[in-house]
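Data block below; observations after.
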Amino acid sequence: MSKTTHLNEAQVAEIGRELDAIRDEFLDKRGASDAAYIRKVIKAQRLLETGGRAALFASLFPPAWLAGTTMLSFSKILENMEIGHNVLHGQWDWMRDPEIHSTTWEWDNATPAKDWKNSHNNMHHTWTNVVGKDRDVGYGVIRVAEDEPWKVHHLAQLPMTMVLSAFFQYGIAIYDAEVELVWRKEKPVSSAVEHLKGVWKKVRPQVARDYVYWPLITGPNAITTFTANAAANFARNVWSHTVIFCGHFPDGVTQFSEEQIEGETRGDWYLRQLLGSANLEGGDFFHLMTGNLSFQIEHHLFPDLPSNRYKEIAPKVQALCEKYDLPYTTGPLGKQYATVLRRIARLSLPTPVREVVAQEAKTRLAA
């Protein structure tokens, strides 16, 4: 990790202790205000869904269609990002509320909660940005690291990224079946089939609700209700894809090899989370709609702390980075997403070809 070579073992250990102290500080701060926060967000999400569904009973009229679609989009984004994702991390388990607990919560997402907790909480948050271990590095189809071997299908990875964005929740659910391992005969077909059966069991009632039952219930508004639900799901998928990709693949974020993490200490693990994540800048409403994953760095350092606390934690993490001369990658959404797309486009070509293209571009500019 070239960005940390200036640190000695004692400093790395001290960074671990200082970040542990920050975590302990905010564990102790959890209380009534945090519980009130998540209950308020859940209430707002349910009101938005109810209002959106009600408006679609008049969706033949464009203003009602727009209002219903907008409320439903916000509802689905909140349910996935700020509520479901964070509840499943166990951020609210300390409340001992069976309705807001990681062991009982099931979300409006194609991936069943138990599968998400394994692939995301256990695998991704343990092996963050380790090529070959963290399957979220490119999601099995997109090449986002130089260390990943180039394959012919990577030539199309920029348009593939756009398709993945539109169907993100389904892409995640299917990729967790590890079909590529089946293709390489490293995993039995039966294992992938069983996983996909579980996904279909989860997806079937969601599809029926959004594209059959609700349209039929709205009678003459059935077609416009159908399109509104499709638009809301599209908005949720594109938004979550954008936020998540900006948290892990913009300029400044580091990928790691398995060799680099051998003998990793607590301090080393913290440094990997810090260097393998990036934040997004914005106001309170923006942070809410990202599920506070706009504080991706803080989330990866402390995934089990309440998300509403990340804004308070961020200045402490920034100060620690300044103290130890460490990068703290952050930027506005548009800028970060542009660098993500640039990375995906650049790595769609094998390295020798990219070098030739880059040299030709320099020659044209010089002329």
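When you go through 221, 233 one by one, which is the residue that is more than 21 Å from the chain's Cα centre (by Cα), part of a helix (DSSP H, G or I) and polar (S, T, N, Q)? 221 is the lone residue from the list that is more than 21 Å from the chain's Cα centre (by Cα), part of a helix (DSSP H, G or I) and polar (S, T, N, Q).
Matching residues to (1) hydrophobic (A, V, I, L, M, F, W, C); (2) touching a residue at least 24 places away in the same chain (Cβ under 8 Å); (3) closer than 27 Å to residue 20 by Cα:
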site: 198; (1), (2), (3): no, yes, no
site: 214; (1), (2), (3): yes, yes, no
site: 229; (1), (2), (3): no, yes, no
site: 238; (1), (2), (3): yes, yes, no
site: 241; (1), (2), (3): no, yes, no
site: 248; (1), (2), (3): no, yes, yes
site: 258; (1), (2), (3): no, yes, yes
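Within the stretch 91-98, the presence of at least one residue that is touching a Lys or Arg at 6+ places or on another chain (Cβ under 9 Å), more than 30 Å from residue 224 (Cβ to Cβ) and in a helix (DSSP H, G or I) is confirmed. From the residues in the stretch 102-115 that are surrounded by fewer than 20 Cβ atoms within 10 Å (Cβ to Cβ) and touching a residue at least 24 places away in the same chain (Cβ under 8 Å), which one is nearest to residue 165 (Cα to Cα)? It comes out as 108.
Does the stretch 153-165 include one or more residues that are farther than 27 Å from residue 337 by Cα, of a type in the set (S, T, N, Q), in a helix (DSSP H, G or I) and more than 18 Å from the chain's Cα centre (by Cα)?
No, there is no match, as no residue in the stretch 153-165 is farther than 27 Å from residue 337 by Cα, of a type in the set (S, T, N, Q), in a helix (DSSP H, G or I) and more than 18 Å from the chain's Cα centre (by Cα).
The condition of being surrounded by fewer than 24 Cβ atoms within 10 Å (Cβ to Cβ), aromatic (Phe, Trp, Tyr) and more than 20 Å from the chain's Cα centre (by Cα) holds for only one of 226, 286, that being 226.
Taken together, 173, 192, 177 contain a single residue that is in contact (Cβ under 8 Å) with a residue 12 or more places away in the chain, outside any helix (DSSP H, G or I) and either closer than 30 Å to residue 106 by Cα or of a type in the set (Asp, Glu) (or both), which is 177. Among the residues of the stretch 252-267 satisfying the criterion of being out of contact with any strand residue (DSSP E or B) (no Cβ under 9 Å at 6 or more places or on another chain) and part of a loop (DSSP other than H, G, I, E, B), which is surrounded by the fewest Cβ atoms within 10 Å (Cβ to Cβ)? Only one residue tops the list, namely 263.
Applying the selection to the stretch 32-45, what residues are charged (D, E, K, R) and free of Cβ contacts under 8 Å to residues at least 24 places away in the same chain? Selection gives 40, 43. The set of residues from the stretch 150-187 being surrounded by 15 or more Cβ atoms within 10 Å (Cβ to Cβ), of a type in the set (Val, Ile, Thr) and within 29 Å of residue 230 (Cα to Cα) comprises 161, 172, 174, 179. Of everything in the stretch 18-27 that is of a type in the set (D, E, K, R) and free of Cβ contacts under 8 Å to residues at least 60 places away in the same chain, the residue that is surrounded by the fewest Cβ atoms within 10 Å (Cβ to Cβ) is 24.
Condition check ((1) within 14 Å of the chain's Cα centre (by Cα); (2) over 26 Å from residue 71 (Cβ atoms)) across all residues:
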| site | (1), (2) |
| --- | --- |
| 292 | yes, no |
| 297 | yes, yes |
| 301 | no, yes |
| 304 | no, yes |
| 316 | no, yes |
| 339 | no, yes |
| 346 | no, yes |
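Answer yes if at least one residue in the stretch 57-78 is aliphatic (A, V, I, L, M) and not in a helix (DSSP H, G or I), and no otherwise. Yes, the stretch 57-78 contains a residue that is aliphatic (A, V, I, L, M) and not in a helix (DSSP H, G or I).
All of the numbers you see were taken from the coordinates with simple rules; none came from a lab. Quantities reported herein were computed from a predicted structural model and do not represent experimental measurements. Note that each Cβ is placed from the backbone with ideal geometry, even for glycine, and that neighbours are counted across all protein chains shown.
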